[in-house]
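What follows is a single structure, written as structure tokens, with notes after it.
The values are calculated or read from the model by the stated rules, or taken from the named source; none is laboratory data. Keep in mind that this is a model prediction, so the values were computed, not measured. We place every Cβ from the backbone using ideal geometry, glycine too, and count neighbours over all the protein chains shown. Remember, those area values only see protein heavy atoms, side chains included, never the ligands or the DNA or RNA. Shrake-Rupley method; radii C 1.70, N 1.55, O 1.52, S 1.80 Å.
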Number of protein chains: 2
Amino acid sequence: MQRVLINGEWRESNGSDSFQAENPATCELLPDVYPVSNWEDCEAALDAASRAAEAMWSLPADVVADFLEIYADRIEARADDLVEMAHLETALPKSPRLADGELPRTTGQLRQAAAAARNGSWSLPTIDTTTGIRSVYRPIGPICVMGPNNFPFAFGSISGGDFAAAIAAGNPVIAKANSSHPGTTRLFAEEAQAAAEQAGLPAGMVQLIYRMPHADGERLVADARVGATGYTGSQHAGLALKAAADANGKPIYLELSSVNPIVMLPGSLEERGEALADEFTGSCLMGTGQFCTNPGLVILLKGETTDRFVEMVTQRFQEAPVGTLLSRGVQSSLQDNLGTLVDAGAQLLVGNTPAEEGRCCFSNTLLQITGDQFVASPEVMQTEAFGNASLLLIADSVQQVCDTIDQLEGNLTGCIYSHSEGSDDAAYDQIAPRLRQRVGRLLNDKMPTGVAVSSAMNHGGPYPATGHPGFTAVGIPASLVRFSMLQSYDNVRAHRLPTILQDANPTGKTWRLIDEQWSADDVV
Amino acid sequence: MQRVLINGEWRESNGSDSFQAENPATCELLPDVYPVSNWEDCEAALDAASRAAEAMWSLPADVVADFLEIYADRIEARADDLVEMAHLETALPKSPRLADGELPRTTGQLRQAAAAARNGSWSLPTIDTTTGIRSVYRPIGPICVMGPNNFPFAFGSISGGDFAAAIAAGNPVIAKANSSHPGTTRLFAEEAQAAAEQAGLPAGMVQLIYRMPHADGERLVADARVGATGYTGSQHAGLALKAAADANGKPIYLELSSVNPIVMLPGSLEERGEALADEFTGSCLMGTGQFCTNPGLVILLKGETTDRFVEMVTQRFQEAPVGTLLSRGVQSSLQDNLGTLVDAGAQLLVGNTPAEEGRCCFSNTLLQITGDQFVASPEVMQTEAFGNASLLLIADSVQQVCDTIDQLEGNLTGCIYSHSEGSDDAAYDQIAPRLRQRVGRLLNDKMPTGVAVSSAMNHGGPYPATGHPGFTAVGIPASLVRFSMLQSYDNVRAHRLPTILQDANPTGKTWRLIDEQWSADDVV
């Protein structure tokens, strides 16, 4: 039985249940056995995290920056083990996906977070010399991170974006592994703990529990000792956690479902229909469609160019190899959700059949509906079929495209493709402002998959894509602010202020809002 | 029967119930009769607000800035009416409080909000030229504003900080008046509507409902058409609204109760005990103690200087005139909450008796407990007695002060008084980091009443002082961000970007984060 990481030690779990991960490429259980923790484990982790948070009060931000950099180096040194384990647990290809894509993204993100911690500008230090008031965003307290199944590295509970942001903001992390890749998470935790010791972080700054009963998870995110939670995963589980956290006034940042609507206007299809069929198919089937930003709803206008586009895409879906899904659970959800759409009247273009035996997979699937069908049953037609599938919607008119968009729930992304020389511009101008309100990131002529770690990224969006439309899970500095609280200092004696708010600029290049002007200078 | 303001028109309410405000100085009902709206009124307001929000998509920020400035001018022109009405409804003194304090604060706040809207820097425009991604905070949608009883102007539902912030961020406001001053709110709404017409804002941008059944209020803040809510008032009503909003994923910003702990260390009392007794008494009894930041819990260390301080304060409370409270409701709550504290074992120093007949008031009251009593029953001992009362806590040791603070719920403010030459510094260093985590604003040697409209102000704090410790209700630019959503533009064609994200700086002085550096220049 594997051990949990609590208070700097790998110790036996107090829980009595256990679980094993499955190799989705073979449908067989993997040998390692992981504990299902009980509340006693959570309690111990919460206490250790509280002590760590308190120890952090007097440590400079450089210590967490050092940790993040050492950790990134250690991840690179152990890359082969990590790639091997993640491949076994997720069936994601070793190369380029895991080794050449996700791993460098993960270490890059950790190093960006380190730089942000060192520099401090993320915390929006604000100085008002007239009133003698100064403010800054500071650590909120222990963060629970619960990562998704689809990015074992870059969104991993103890390696990904939420982890990096929480730590860089100065908080301890209690990571709960995703049950589909506990081994990968364990290897990361080993390196994280070693790096924490090397950097001199307090014990309990990085902790790992593999799994716990749902009721304990809800108790955890609502506990008084917790600062906030970052959760990425299913809407059902996420909303249960949200209800528990909300009831106790604990911030929880969720990244839930999204169908990521794409509007392809006729001019774009006329101009470059074949290229767009390739682009869409590539985006939709990449990673077997298992991205938060997978294009799950394509809105088209009735007409010949659309008919040709649908034919081309159907053919490509038919011919494309069928990827392996992350788990049996993903396979059965995909099958169920496609069934829901078909039962609601969606027409089958290709797929919707089990593919091979002996691995987790399902045929590449395209369904089609009319705009009338969507507007008549908008809720069921937004059923997310997570995986290698998409729903094409053929609208009668630009007005119907707008009506459709007005019925959309909040989404992470929305795209509009249009003719490069302006023939779709009237339609764009009607559609874009409506789509803009429904999505966190609006794209032109570009697929939504591929979420750059950029200062301007919004990997977020209106409910229920997330829990609050003002926060992004990806991108530095903004993702750090989620895990902080605003602390104002009023008339506090100069030497008692945190370094970042004292007159001298702490690094010579920290941006601070001094008397409403951004400046990297000292206060004069 | 007074009319509600919906969709730019003063119209009859569809509700059948009504209410009247009371003059707290006479305990008599005021003559004007106000409708209790039903859901039909709310529905009409929501529809109009949605249309207004849509109309705003294509209007420049200058239009709301114009509105805010015209409105501020109109408020000044009608100052006498406003002061007269507010005085009748709240018994707050006409001068200096209403005419010379709150009114200029209110118009100053509206003009600061106008300047922020015009300049745009509040929206944190962020440009990443490498990835072609740009982001900015933009209007979130119609905002419900429900203001408190204690600041009829500066926190008024259609005149105060939440209103100014919501409008400056580009959103329509549905204001619900506080039931204790509907007439003041009506006069503001008259000026707001006239200013909206003058400035060319869409109908439905400013709307007013006086009151509604609780169930309709909960339905309102959770409605799909609402962007967010700003509420200031009682914890009980606020948490009911929060539960409704949370369940539908609607942001709600709350400012609830707070006891605003003050620690007075022995050196400060030795050095300037008499001055501190004056300062504390002034802060605690000012406005008859009816401030969100009223010092309701004073933590002292056992000893002679503390004994002398307690005597001096007791005498001052005894001798100070007894102010009029805002309403019978405030009076009975104060009486009930003091009763709760006494029943829990608090010792009476002075007061806790009804004062005069014929007006809303209660004697200036001081209670005292030991640190042991607090630590044994921390929840009940944090009962907020809103009004001209405070609870003194005499701790045995600095350690017990820390233990006390560790049991505090979230508060808006926390203060520490210490000797000016350092004799209290060891105690300060032990206490301050703990208090820091419990409060939004930490003060030294200064009372918490008086909330400057500063860029560095945090009028917020950990739950249950507010619903989220990352947001402030006072201060520009930060208070505006609450009423916005993050919108990212990825590969969007240059001419389709909002002006504020295009290469040219829109005003020549808008701060934008360009490639991680703050700049007021164009993108080069």
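Specify the angular offset, from 0 to 90 degrees and rounded to the nearest 10, of the alpha carbon long axis of helix A:425-438 from the longest principal axis of the alpha carbons in chain A.
Roughly 40 degrees between the two axes.
Which percentage, to the nearest 5, of the DSSP beta bridges contained in chain B is antiparallel?
The antiparallel proportion sits near 40 percent.
Greater than 20 Å separation of Cα atoms is the criterion. Which listed pairs, A:Lys94/A:Lys446; B:Lys176/B:Lys242; B:Lys302/B:Lys446; A:Lys302/A:Lys446, meet it?
A:Lys94/A:Lys446; B:Lys302/B:Lys446; A:Lys302/A:Lys446
Net charge around B:Pro148, counting only other residues with Cβ within less than 12 Å of its Cβ (Lys, Arg = +1; Asp, Glu = -1)?
Once all neighbours under 12 Å are counted, the net charge is -1.
Compute the long axis of helix B:266-285 from its Cα atoms, compare it with the longest principal axis of the Cα atoms of chain B, and write down the angle in degrees, 0 to 90, nearest 10.
So the inclination is approximately 60 degrees.
Using Cα-Cα distances under 8 Å and only pairs 6 or more residues apart, what relative contact order does region A:67-219 have, in percent?
Rounded, it is 26 percent for region A:67-219.
Roughly what % of DSSP beta bridges within region B:339-404 run antiparallel, to the nearest 5?
The antiparallel proportion sits near 40 percent.
Other chains' Cβ within 10 Å of B:242-255 residues: what's the mean?
Taking all residues of B:242-255 together, the mean is 3.
If you add up the charges near A:Ala65, with Lys and Arg at +1 and Asp and Glu at -1, over every other residue whose beta carbon is less than 10 angstrom from its beta carbon, what do you get?
Spelling it out: positives minus negatives among the neighbours equals -1.
Evaluate peptide B:446-456: per residue, the Cβ atoms of other protein chains within 10 Å of its Cβ; return the mean as an integer.
Partner Cβ neighbours, averaged per residue: 6.
Using the Karplus equation 6.51 cos²θ - 1.76 cosθ + 1.60 (θ = phi - 60°), what ³J(HN,Hα) coupling, rounded to whole Hz, does each residue of region A:2-17 give in order, writing x for Gly and Pro?
5, 9, 8, 9, 10, 6, x, 10, 7, 10, 5, 5, 7, x, 9, 8
To the nearest 100 Å², how much accessible surface do chains A and B hide from each other in total, with a 1.4 Å probe?
The buried area between A and B, both sides summed, comes to about 5800 Å².
Among residues other than B:Pro378 whose Cβ falls under 13 Å from its Cβ, what is the net charge (Lys/Arg +1, Asp/Glu -1)?
So the environment of B:Pro378 carries a net charge of -4.
In the calculated pair distance distribution of region A:139-234, what percentage of Cα-Cα distances lie above 16 Å?
Tail fraction, whole percent: 50.
Hey, any idea what % of region A:161-219's accessible area is carbon plus sulfur with a 1.4 Å probe?
45
Rounded to a whole number, what % of the accessible area of region B:418-524 do carbon and sulfur atoms account for, probe 1.4 Å?
50
Shape call for region A:309-434 from the C-alpha gyration tensor, a ≥ b ≥ c root eigenvalues: rounded (a/c under 1.5), prolate (a/b greater than b/c) or oblate?
Prolate shape, in that a/c is at least 1.5 and a/b is the bigger ratio.
Between the alpha-carbon centers of region A:123-140 and region B:265-306, tell me the distance in whole angstrom.
Answer, in whole Å: 26.
With just the Cα atoms defining each centre, how far is region B:393-458 from region A:388-429? Give it in Å.
First find each Cα centre; the distance between them is then 54 Å.
Could you tell me whether chain A comes out rounded, prolate or oblate from its Cα gyration tensor? Rule is a ≥ b ≥ c as square roots of the eigenvalues, rounded for a/c under 1.5, then prolate if a/b exceeds b/c, otherwise oblate.
It comes out oblate by the Cα gyration axes.
I need the calculated FRET efficiency for the pair A:Ser397 and A:Asp80, taking r as the beta carbon distance and R₀ as 41 Å, to the nearest 0.05.
That pair, A:Ser397 with A:Asp80, gives E of 0.15.
Using DSSP, restrict attention to beta bridges with both residues in the protein assembly as shown and report what percent are antiparallel, rounded to the nearest 5.
40
Using only Cα atoms, find the angle between the long axis of helix A:235-247 and the longest principal axis of chain A, and express it within 0 to 90 degrees, rounded to the nearest 10.
Approximately 40 degrees, to the nearest ten.
Please work out whether region B:1-112 counts as rounded, prolate or oblate from its C-alpha gyration tensor, where a ≥ b ≥ c are the square roots of the eigenvalues and a/c under 1.5 means rounded, while otherwise a/b larger than b/c means prolate and anything else oblate?
oblate
Taking GluC sites (Glu not before Pro) as candidate sites, keep only those in a DSSP loop with at most 16 other Cβ atoms within 10 Å, then name the longest stretch of chain A containing none of them.
A:13-355
Using only helices, what value at 222 nm comes out for chain B when you add -39,500 (n - 2.57) per DSSP H run of length 4 or more and divide by the total residues, to the nearest 500 deg cm²/dmol?
Mean residue ellipticity at 222 nm (helix-derived): -12000 deg cm²/dmol.
So how long is each side of the protein assembly as shown along the principal axes, counting just the alpha-carbon atoms, biggest first, in Å?
Principal extents (Cα only, largest first): 90, 66, 52 Å.
Across the residues of A:439-445, average count of Cβ atoms on other protein chains within 10 Å?
6
Along Cα→Cβ at 7 Å, what distances in nm separate the B:Pro354 label point from those on the other copies, shortest first?
With the label placed 7 Å along Cα→Cβ, B:Pro354 yields 8.0 nm.
In square angstrom, what is the accessible area per residue of the protein assembly as shown with a 1.4 angstrom probe?
Per residue, the protein assembly as shown has an accessible area of 34 Å².
Between B:Pro321 and the same site in the other copies, what are the distances in nm, shortest first, taking label points 7 Å from Cα along the C-beta direction?
Ordered by increasing distance: 8.8 nm.
Tell me the relative contact order for region A:301-373 as a rounded percent, counting alpha carbon contacts under 8 Å between residues six or more apart.
Value for region A:301-373: 33 percent.
With an 8 Å Cα cut-off and a minimum separation of 6 or more residues, compute the relative contact order for chain B in percent.
With pairs under 8 Å counted, the relative contact order is 17 percent.
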